[in-house]
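The values are calculated or read from the model by the stated rules, or taken from the named source; none is laboratory data. Computed from a predicted model, the values in this text were never measured in an experiment. FYI the Cβ positions are ideal-geometry reconstructions off the backbone, even for glycines, and counts take in every protein chain you see.
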Amino acid sequence: MNKNYMVSLIAVIVLFLIAYVGTQQGAGLQLVFGIIVPYLAVILFIVGFARRVMGWARSAVPFRITTTAGQQSSLPWIKQAKIDNPSSTFGVIVRMFLEIVMFRSLFRNTRMKLNGDGKLSYQLELFLWIGALAFHYAFLTVSIRHLRFFTEPVPFFVGLLEQVDGFFRIEIMYDAIQAGLPGVYLSGLVLFAAALYLFIRRVIIPNVRYISLAADFFPLFLIMGIALSGIFMRYVAKVDITAIKELTMGLVTFRPTIPEGIGGVFFAHLFLVSVLLAYFPFSKLMHLGGVFLSPTRNMTGNTRQVRHVNPWNHPVKVHTYEEYEDDFREKMVEAGLPVVKMPEEQA
């Protein structure tokens with residue numbers, strides 16, 4: 001049984017407790033977890049992300065190694081799959097757009113299953129595709145919503161997104177007085193639910209559990225911890241939003257300050273976000289940047305139209321057929337071998 005998820009879960013719990021306990025009144029580490037750690041995390045994220053992307057960009061790709069799922073451009077009467085096997089730049093753009101926005105290759109992914117009769121069957125992984133879409137779009141929505149804490153004035157699209165995301169609102173009646181709870185943002189709930197589904201899938205499917213490492217579970221637990229602490233602060237703990245915005249605006253304007261009234265839960269939440277940022281460039285999460293530089297996705301499949309020569313080939317002296325025939329034409333004619341030029345045709 002795979003126990004790697006326990007190591008990752010314990011690690012995330014310990015990280016949360018370190019920040020929570022360290023920012024209590026007696027410990028006094030608010031400066032560390034509120035200013036120093038976030039700045040270090042952002043620096044690690046930017047430097048690490050740029051280094052990984054530049055390394056991929058410098059990697060030579062001498063051949064077209066596209067991953068194809070359809071017919072390549074060939075003879076005129078053979079229909080080409082212009083998206084799955086594009087031979088033009090426009091086709092590559094369409095393919096990349098569908099891959100990035102809709103996870104098209106994941107939608108077409110199949111899972112092999114051994115039936116009771118000993119025969120293999122293949123099934124579409126629709127639930128994995130839906131879970132991945134929900135996870136990524138919820139994460140994107142939550143990230144954009146949090147721009148409210150880092151901008152002044154707040155961009156109009158942030159408010160518009162909040163209205164769409166928070167269309168569901170709970171109203172309760174107590175002692176004949178209508179009291180409204182904070183608007184429920186579905187993105188936060190969906191983010192936690194999708195991350196939980198991806199975790200459960202890794203645990204209950206035997207072949208996926210077998211290949212899962214602690215590095216696969218750690219970011220899932222980090223994101224679940226971030227989502228849970230954010231949900232707790234919004235609907236249960238009632239943190240001081242004004243003080244939090246003062247802290248975040250001080251960070252982005254490089255005039256950091258630690259206002260009064262910020263509890264340990266927020267510092268623990270911020271610490272988990274910082275850990276995720278610092279961990280990001282060194283993990284599998286870097287597919288965020290790698291998908292744009294993947295030669296299996298961003299290259300045209302035109303090997304039948306254009307000859308691609310490996311630039312790494314060592315230059316060698318080539319003895320062409322024409323030169324060979326010039327050297328041995330008379331002997332080839334005497335031996336009855338066909339030649340392009342007869343001896344009397346030579347200039």
Selection status of Arg307, within 35 Å of the chain's Cα centre (by Cα), more than 27 Å from Pro38 (Cα to Cα) and surrounded by fewer than 11 Cβ atoms within 10 Å (Cβ to Cβ) | yes
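From the list Ser283, Ser274, which residue is touching a helix residue (DSSP H, G or I) at 6+ places or on another chain (Cβ under 8 Å) and surrounded by 17 or more Cβ atoms within 10 Å (Cβ to Cβ)? Before you say what the answer is, go through the steps one by one.
Details: Ser283 fails: surrounded by 17 or more Cβ atoms within 10 Å (Cβ to Cβ).
When all the criteria are applied, what remains is Ser274.
For Val47, indicate whether it is in a helix (DSSP H, G or I), exposed (fewer than 12 other Cβ atoms within 10 Å of the Cβ) and either in the same structural domain as Leu247 (by TED's automatic domain parsing) or in contact (Cβ under 8 Å) with a residue 24 or more places away in the chain (or both). Spell out the reasoning first.
Values: in a helix (DSSP H, G or I): yes; exposed (fewer than 12 other Cβ atoms within 10 Å of the Cβ): yes; either in the same structural domain as Leu247 (by TED's automatic domain parsing) or in contact (Cβ under 8 Å) with a residue 24 or more places away in the chain (or both): yes.
For Val47, the condition - in a helix (DSSP H, G or I), exposed (fewer than 12 other Cβ atoms within 10 Å of the Cβ) and either in the same structural domain as Leu247 (by TED's automatic domain parsing) or in contact (Cβ under 8 Å) with a residue 24 or more places away in the chain (or both) - is met.
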Between residues in segment 183-198 that are in the same structural domain as Leu140 (by TED's automatic domain parsing) and residues that are assigned to a loop (DSSP other than H, G, I, E, B) and crowded, with 17+ Cβ neighbours inside 10 Å, which pairs lie under 7 Å by C-beta distance while being six or more apart or on different chains?
-> none
Residue check, Leu270 modelled with pLDDT of 90 or more and either closer than 30 Å to Trp56 by Cα or not assigned by TED's automatic domain parsing to the domain that holds Pro86 (or both) = no
Checking Ile65, Ile18, Ile36 in turn, the sole residue that is without any contact (Cβ under 8 Å) to a residue 24 or more places away in the chain and among the hydrophobic types (A, V, I, L, M, F, W, C) turns out to be Ile36
Scanning for something closer than 30 Å to Ala69 by Cα, free of Cβ contacts under 8 Å to residues at least 40 places away in the same chain and in a loop (DSSP other than H, G, I, E, B), does segment 280-287 turn up at least one residue?
-> no
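Of the residues that sit in segment 278-297 and are of a type in the set (A, V, I, L, M, F, W, C) and under 13 Å from the mean Cα position of the chain (by Cα), which one is farthest from Phe139 (Cα to Cα)?
To start, the set of residues in segment 278-297 that are of a type in the set (A, V, I, L, M, F, W, C) comprises 278, 280, 282, 285-286, 288, 291-293.
This time we only want the ones that are under 13 Å from the mean Cα position of the chain (by Cα), so: 280, 282, 285-286, 288, 291-293.
Values: Phe280: 14, Phe282: 19, Leu285: 13, Met286: 15, Leu288: 12, Val291: 18, Phe292: 19, Leu293: 22 Å.
Across segment 278-297, the extreme among qualifying residues is Leu293.
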Of all residues in segment 102-145, which are among the β-branched types (Val, Ile, Thr) and in contact with a Ser or Thr (Cβ under 8 Å, 6 or more places away or on another chain)?
-> Thr141, Val142
Does Arg104 meet the test of being more than 30 Å from Val265 (Cα to Cα), free of Cβ contacts under 8 Å to residues at least 40 places away in the same chain, surrounded by 15 or more Cβ atoms within 10 Å (Cβ to Cβ) and among the basic types (Lys, Arg)?
-> yes
Report, ordered by the first and then the second residue, all pairs with beta carbons closer than 9 Å, sequence separation of six or more or different chains, a first member in segment 296-319 that is within 19 Å of Trp56 (Cα to Cα), and a second member that is of a type in the set (Lys, Arg) and assigned to a loop (DSSP other than H, G, I, E, B).
-> Met299/Arg64; Thr300/Arg64
